[in-house]
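A short reminder: the numbers here are calculations on the coordinates, not readings from a lab. Since we're looking at a predicted model, the values are computed, not measured. Here Cβ is always computed from backbone atoms with ideal geometry, including for glycine, and neighbour counts include all displayed protein chains.
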């Protein structure tokens, strides 16, 4: 009886070992499949996320370039307007300076004429006085 029992125990152990090995093989294969599925899903998700990121970066670059172009255009318009204002102001300053110069020259010419007239009158009076005095002395 002990031989049969030993045989049954050994057979049972063998069957349990095979069943355990089969279960482990099945679990490993299932785990490997799940792992591959997760890796594939993660790679797909990573690829999609990279695509979305690159799209966002490209869109942001395009938006930034458009804003920069608008800003440059706006600034060039402002610079053009400011240069036109500056040219107008310079023209006005030149005209004003020319007018002031002409006024000063006219004023100085009038002043010189007045001084000359005054000097001539003074000389004429002095000459008349001289002649009067000389006439008194001769007489």
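How big is the gap, in Å, between the Cα center of segment 114-132 and the Cα center of segment 1-68?
Result: 127 Å between the Cα centres.
Taking only DSSP H segments of four or more residues, each worth -39500 (n - 2.57), what value at 222 nm results for the chain once the sum is divided by all its residues, to the nearest 500 deg cm²/dmol?
-38000 deg cm²/dmol
Report which label in (1) 28.2; (2) 16.0; (3) 19.2 holds the value of Kirkwood radius over Cα pairs in Å derived from the coordinates of this structure.
(1)
Enter the angle in degrees (range 0 to 90, nearest 10) between the Cα long axis of helix 2-138 and the first principal axis of the Cα atoms of the chain, meaning the one along which they spread out most.
Result, in degrees: 0.
Expressed in nm to one decimal, what extension gain is obtained for the pair residue 28 and residue 114 from 0.36 nm per residue of sequence separation less their Cα-Cα distance?
Details: separation 86, 0.36 × 86 = 30.96 nm, distance 12.36 nm.
That works out to 18.6 nm of additional length.
Take the Cβ-Cβ distance between residue 104 and residue 124 as r, set R0 to 22 Å, and report the resulting FRET efficiency rounded to the nearest 0.05.
0.15
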